[in-house]
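Below is one structure, written out as structure tokens; comments come after it.
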Amino acid sequence: MNRDLSTRGLGRRRAMGSLGTGLALFCATLAAAALLAILGYVVVQGIGAINWSFLTQLPHPVGVPGGGVGNGILGSLIIIGTATLMAVPIGLLTGIYLALFGRGPVPEALRFLSDVLSGVPSIAIGLFAYAVLVAPLKHFSAFSASFGFMMLMLPLLVRTSEQAIRSVPQTVREGALALGMSNFRATVSIVLPTAMPAIITALLLAIARVTGETAPLLFTAFGSQFWESNPGNPMAELSLQVFTYAISPYPSWQSQAWGGALLLIVAVFVLSLGARLFLRRAMQGSGT
Amino acid sequence: MSPADRGFAAVVYLGSSLFAILIIGLFVELVLGSWPSIVKFGPAFIFSSSWDPINSKFGALPMIYGTVVTSLIAIILASFIGIMAAVFLSDFAPRWLGQPLSFLIELLAAVPSVVYGLWGLFVLSPFVRTAVGPALQKVFGWTPLFSGPIYGVGLLTAGIILALMIVPTVTAISRDVIAAIPRDLREASMALGTTKWETAIRVVLPAARIGIFGACILALGRALGETIAVTMVIGNRPEISASLFAPSYTLASVIANEFTEATTNIYISALIELGLILFFVSMIVNGLARVMIWSVRGSERT
Amino acid sequence: MSAEAVTVDHVLTTEDLNAYYGSRKAVGDVSIGFGRKAITALIGPSGCGKTTLLRCLNRIHEVSFDARVQGSVRLDGQDIYSSGVDPMAIRRRIGMVFQRPNPFPTLSILDNTLACAARGLNRKARVESAERALRQAALWDEVKDKLKSNPLQLSGGQQQRLCIARAVAAEPDVLLMDEPTASLDPIATAVIEELMGSLADEFTIVAVTHNMQQAARVSDVTAFMLADEDGIGRLIEVDETAKLFTKPANRKTEDYITGRFG
């Protein structure tokens, strides 16, 4: 009987296997290395531009050295802050509705709409904000930018609120109702607090996402050279400034673009990582 | 129902209705804004290749071409790299290597678009112009794809940047899908005497192909809508050229580049119509992707 | 099939009660009375509808998806299912303890206990109120020094007593218990069984239990339920516990008690 246990022929297959594994490793490393390359470059180019005056001053005209992105930082805080204030109630309420009224044509329609919205390119959302808040008022405004950012944040908030509320055990909700609590009290004082960690995490991630968005701002906030805190007026925004400086032909502005880019990356990473750490700690703290 | 409950229900209904109205309103406004352009140019808009603001002649073909080409380049590159990376991370990587690599790749998704554009403009473009471009031209210069002057900005650079931006999507979802394939399948294959690599390629990947395909389609959807990074490296020229080195335009980047300069109503309307086309394309592509990913991951949605 | 009840003061009665999940009938034509300040046990094999019946008594059944009820349940003569009756008010008079302890995870032990007790009391009155309830649940001594801590740190048995304290703090007329010791170890079980005896001095108790011996130990009256060929839960027999377990009137009861099935 010829039960050949020799490794003849296996050598070539083994080699193919090693080659393949090596290729896969290479691809994974390539992607990771790309990130490090971009990060590294931004840090190296941008760190030189960052100093106190960069963070606190207005942009200087071309030719005048110095200046900064102070108004952009302020503008970003105002625009994103306003967007968050608008997105949270709508997103949370819709999530509560979907969690409480689960099945049926209306909830399914809402979920479908939410999925559609999450796929809409941000530039199209910018067009919507323009059509609704800029064109009729014939006026660029920070508020219209916040409106656009709100639209970008909503799908994540809605989806996470629904999932988080759903994952609170049914028995906790029934326990509250069995005590004679109204649906309102049961949801708001008992179920929602339990679902909070996941919702806050999603909020941080949504904020991280819009911090990195520029497209909708082009024709809503429009940008500005001055300090501005009135949401009804055009306003500077950090990522918009980076964009404007980057495509300008002036080296002094271009180096400030790198500085701004570094600020953006730090902000987005802090928010994203902070969100994950927060979630992990909150999950551990709850004991269950 | 108590007054508190009634009030609560009313507020919840209000919030949800507002949500629905906003999204439906988005669609309606895009249609309303495009209407003058739709009426004036009709279906020929999609096939016309002239983009002439001065004479108010507008056609979407160059933008569609640019969008398709850059997205194709992106998805081809990102699928290969992403799927290979996913296979490695789920089936081959030891924990000490897999976790940090996964983490770094996911961070790629967090990088702001304008930062990609900045890096693309000042690092990748010169690199393409001085190194990658000439190398490709030397080998493939006889094809129209790699002929012509190399500016650095253009379809190829935009495609590469897009690929980087969507690799995390492909990798993360594919990795989850692959990891969800039951262990029994792998063990059955190994028990037949195959190598781990053969198992991964011939057994696991085919089993996961629907989910992986869905991941790629989803990534494609993201590439189609990407605006800022593309507009910074594509050259912004409304021309159709066979060469990948040529500057071009995408649906998203033309809106970004020209909207604030648009002077006439028909100009604005044409740009909004491009946005409407983008809306539909994204909706279809994303819908397709979700259907595929659902069928593999069950009720858990991305 | 309804059973003849002893002439007892029934604080809670059902008449031809039917309960549905969608189109599936889970409980059919149950008419039963629960004696004031007595402990009534509901026993029967899995799927016989005893938990569903219990959940109809405080209108928690209807909270489940597509669930509905037909027939009436009377608390002190008044039908709790008639229109115009507020389910919340009913649930304050008929409390419930669940199979698995479910303290509210984001509230402290003190706040859990007082979750539905009287509002607007000052701090001293709140602690007194909580103490009363926790003593009734035989938990006060074990938690009096950690009223502010998270209830999830307590053991399973302690958490269940906390849930009992929470339920009695609302001063209900009737206390429903759905297999209250099912998830507990034998010692914790014994503690709660003893507790039920003292609770019955103040409250009417209806307890679903999986465990026949527990019913025999703890209850004054026992009701036996069984699912018929169509899967509908029916009341087979109700009687004083001692009588039901020694000389059951119905053959099916006897089969169940002697372990011939279930």
Output for the range B:81-121, where each listed residue is small (Gly, Ala, Ser) and either more than 7 Å from chain A (Cβ to nearest Cβ) or free of Cβ contacts under 8 Å to residues at least 40 places away in the same chain (or both): B:Gly82, B:Ala86, B:Ser90, B:Ala93, B:Gly98, B:Ser102, B:Ala109, B:Ala110, B:Gly120
Quick check on the range A:244-252. Is at least one of its residues aromatic (Phe, Trp, Tyr) and part of a loop (DSSP other than H, G, I, E, B)? yes
Given (1) in contact with a Ser or Thr (Cβ under 6 Å, 6 or more places away or on another chain); (2) within 30 Å of B:Met190 (Cα to Cα), where does B:Gly225 come up short, assuming only one miss? (2)
In the range B:137-184, residues that are of a type in the set (D, E, K, R), within 14 Å of another protein chain (Cβ to nearest Cβ) and closer than 24 Å to B:Ala242 by Cβ total 0
Taking the options B:Glu239, B:Glu226, name whichever one is acidic (Asp, Glu) and at pLDDT below 90. B:Glu239
Among the residues of the range A:168-201, how many are of a type in the set (A, V, I, L, M, F, W, C), over 22 Å from C:Asp178 (Cβ atoms) and away from chain B (no Cβ under 11 Å)? 6
In the range A:172-195, residue farthest from the chain's Cα centre (by Cα) [restricted to those that are over 19 Å from A:Leu92 (Cβ atoms) and part of a helix (DSSP H, G or I)]: A:Ala178
Hey, does the range A:123-137 have a residue that's touching a strand residue (DSSP E or B) at 6+ places or on another chain (Cβ under 9 Å) and modelled with pLDDT of 90 or more? yes
Restricting attention to the range C:46-64, report how many residues are under 16 Å from A:Gly175 (Cα atoms) and touching a residue at least 24 places away in the same chain (Cβ under 8 Å). 12
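This table checks each residue for (1) modelled with pLDDT of 90 or more; (2) surrounded by 18 or more Cβ atoms within 10 Å (Cβ to Cβ).
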| residue | (1), (2) |
| --- | --- |
| C:Ala115 | no, yes |
| C:Gly120 | no, no |
| C:Gln158 | yes, yes |
| C:Ala165 | yes, yes |
Within the range A:207-231, restricting to residues that are among the small types (Gly, Ala, Ser) and not in a loop (DSSP other than H, G, I, E, B), the one that is farthest from the other protein chains (Cβ to nearest Cβ) is A:Ala208
Those residues of the range A:175-209 which are surrounded by 20 or more Cβ atoms within 10 Å (Cβ to Cβ) and among the polar types (S, T, N, Q) amount to A:Ser182, A:Asn183, A:Thr187, A:Thr194, A:Thr201
Would you be able to say whether some residue in the range B:68-75 is more than 7 Å from chain A (Cβ to nearest Cβ), closer than 21 Å to B:Gly152 by Cβ, touching a Gly at 6+ places or on another chain (Cβ under 7 Å) and hydroxyl-bearing (Ser, Thr, Tyr)? yes
Could you list, in sequence order, the residues of the range B:189-210 that are more than 14 Å from chain A (Cβ to nearest Cβ) and either part of a helix (DSSP H, G or I) or at pLDDT below 85 (or both)? B:Ala191, B:Pro206, B:Ala207, B:Arg209, B:Ile210
So which residues in the range B:5-21 are surrounded by fewer than 15 Cβ atoms within 10 Å (Cβ to Cβ), over 19 Å from A:Ala87 (Cα atoms) and either facing chain A (nearest Cβ under 7 Å) or among the small types (Gly, Ala, Ser) (or both)? B:Gly7
Count, please, the residues in the range B:143-185 that happen to be without any contact (Cβ under 8 Å) to a residue 40 or more places away in the chain and within 22 Å of B:Pro94 (Cα to Cα). 5
For the range B:22-47, enumerate the residues that are within 10 Å of chain A (Cβ to nearest Cβ) and among the aliphatic types (A, V, I, L, M). B:Leu22, B:Ile23, B:Ile24, B:Leu26, B:Val28, B:Leu30, B:Leu32
Does the range B:216-238 include one or more residues that are of a type in the set (Val, Ile, Thr) and more than 13 Å from chain A (Cβ to nearest Cβ)? no
Name the residue that is modelled with the lowest pLDDT, counting only residues in the range B:26-72 that are buried (at least 16 other Cβ atoms within 10 Å of the Cβ), within 26 Å of A:Ala135 (Cα to Cα) and among the small types (Gly, Ala, Ser). B:Gly59
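May I ask you to say which residue of A:Leu204, A:Leu240 is within 30 Å of B:Leu121 (Cβ to Cβ), of a type in the set (A, V, I, L, M, F, W, C), assigned to a helix (DSSP H, G or I) and more than 9 Å from chain B (Cβ to nearest Cβ)?
A:Leu204
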How many residues does the range A:101-134 hold that are of a type in the set (D, E, K, R) and either crowded, with 22+ Cβ neighbours inside 10 Å or within 7 Å of chain B (Cβ to nearest Cβ) (or both)? 1
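Conditions tested, residue by residue: (1) part of a loop (DSSP other than H, G, I, E, B); (2) touching a Ser or Thr at 6+ places or on another chain (Cβ under 6 Å); (3) over 19 Å from C:Ile205 (Cβ atoms).
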| site | (1), (2), (3) |
| --- | --- |
| C:Ala26 | no, yes, yes |
| C:Ser31 | no, yes, yes |
| C:Cys48 | yes, no, yes |
| C:Arg55 | no, no, no |
| C:Glu62 | no, no, yes |
| C:Gln70 | no, no, yes |
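The values are calculated or read from the model by the stated rules, or taken from the named source; none is laboratory data. What you see is a predicted model; the values in this text were computed from it and never measured. Note that each Cβ is placed from the backbone with ideal geometry, even for glycine, and that neighbours are counted across all protein chains shown.
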